[in-house]
Amino acid sequence: MTGDDAANLLYLSLLGAAIFGYFVAAGRQRMGKTLRQLAMWGLIFVGVIAVAGLWPSLRDQIVPSQSFNATGDGAGILHVPQGFDGHYRVRLEVNGRPLDFVVDTGATDLVLSRQDARRVGIDPDGLAYLDRAQTANGTVPMARVRLDRVSLGGIEDRGVPASVNGGEMPGSLLGMSYLSRFGRIAIENGELTLER
């Protein structure tokens with residue numbers, strides 16, 4: 001047991017003793033009801049601790065994430081589970097920073113939101129928004145950029161063309177300009193597979 005674990009255990013013990021002391025003091029006349037409430041809160045407390053301790057192993061079963069299997073020579077297969085909202089989300093490293101993208105086969109480009117552009121070192125306020133794109137929310141201004149490095153597992157691409165959306169956008173889109181780099185794209189049984 002590390003020093004942090006011992007401190008956490010001491011803290012939880014003191015918290016439990018304080019709650020127990022409160023229940024005993026508050027319910028001296030109704031001891032039976034107080035003990036039932038105390039037992040209920042004790043079970044809730046133990047349940048929360050159990051879920052917190054097991055969350056790392058449960059997370060992958062409840063909220064599965066993408067997995068990448070390298071096949072050698074910069075090639076590999078990416079498996080992406082479908083999200084609860086029906087979308088497929090892929091995490092890529094852009095210029096060394098992890099970014100989440102919604103896979104959008106209707107988008108021509110890899111499109112960065114203004115916030116994500118800032119995260120990867122691009123100043124969206126200094127860009128020339130010369131292009132226009134038709135979206136579900138109407139026409140938006142777009143600026144062409146080139147990303148130094150886009151990485152996925154063992155696959156790394158350099159000088160990747162992309163666009164920065166000049167309008168409001170909740171996240172970035174992984175469009176066909178990047179998806180077309182894969183030799184096989186398949187969606188089966190709630191899973192997107194990209195193979196290069």
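The values are calculated or read from the model by the stated rules, or taken from the named source; none is laboratory data. Here the structure is a predicted model, which means the values were calculated and not measured. Here the Cβ positions follow ideal geometry from the backbone for every residue, glycine too, while neighbour counts run over all protein chains shown. Each accessible area value is taken on the protein alone, full model and side chains, heavy atoms only, with ligands, DNA and RNA left out. Shrake-Rupley method; radii C 1.70, N 1.55, O 1.52, S 1.80 Å.
The calculated FRET efficiency for the pair residue 49 and residue 136, based on their C-beta separation and a Förster distance of 45 Å, comes to about 0.50. In the chain, the longest principal axis of the Cα atoms and the axis of helix 3-26 are about 50 degrees apart.
Solvent exposure of the chain amounts to 63 Å² per residue of accessible area, where only protein heavy atoms count and the probe is 1.4 Å. For residue 110, the residues 5 or more places off, or on other chains, whose built amide H falls under 5 Å of its own are 163, 175, 177, 178.
Accessible surface of the chain, 1.4 Å probe: 56 percent of it comes from carbon and sulfur atoms.
Of the residues 163, 112, 19, the one whose Cα sits farthest towards the positive end of the charge dipole of the chain is 19 (charges of +1 on Lys and Arg Cβ, -1 on Asp and Glu Cβ, taken about the Cα centre).
Can you put 113, 13 in order of accessible area, largest first, using a 1.4 Å probe?
Details: 113 0, 13 65 Å².
From most exposed to least exposed: 13, 113.
Which value at 222 nm does the chain reach when only helices count, each DSSP H run of 4 or more adding -39,500 (n - 2.57), with the total divided by all residues and rounded to the nearest 500 deg cm²/dmol? Calculated mean residue ellipticity at 222 nm is -11000 deg cm²/dmol.
Springs between Cα atoms under 10 Å define the GNM used for the chain, and in it the highest mean-square fluctuation of 122, 44, 185 occurs at 44. Relative to the longest principal axis of the Cα atoms of the chain, the long axis of helix 31-62 makes an angle of roughly 20 degrees.
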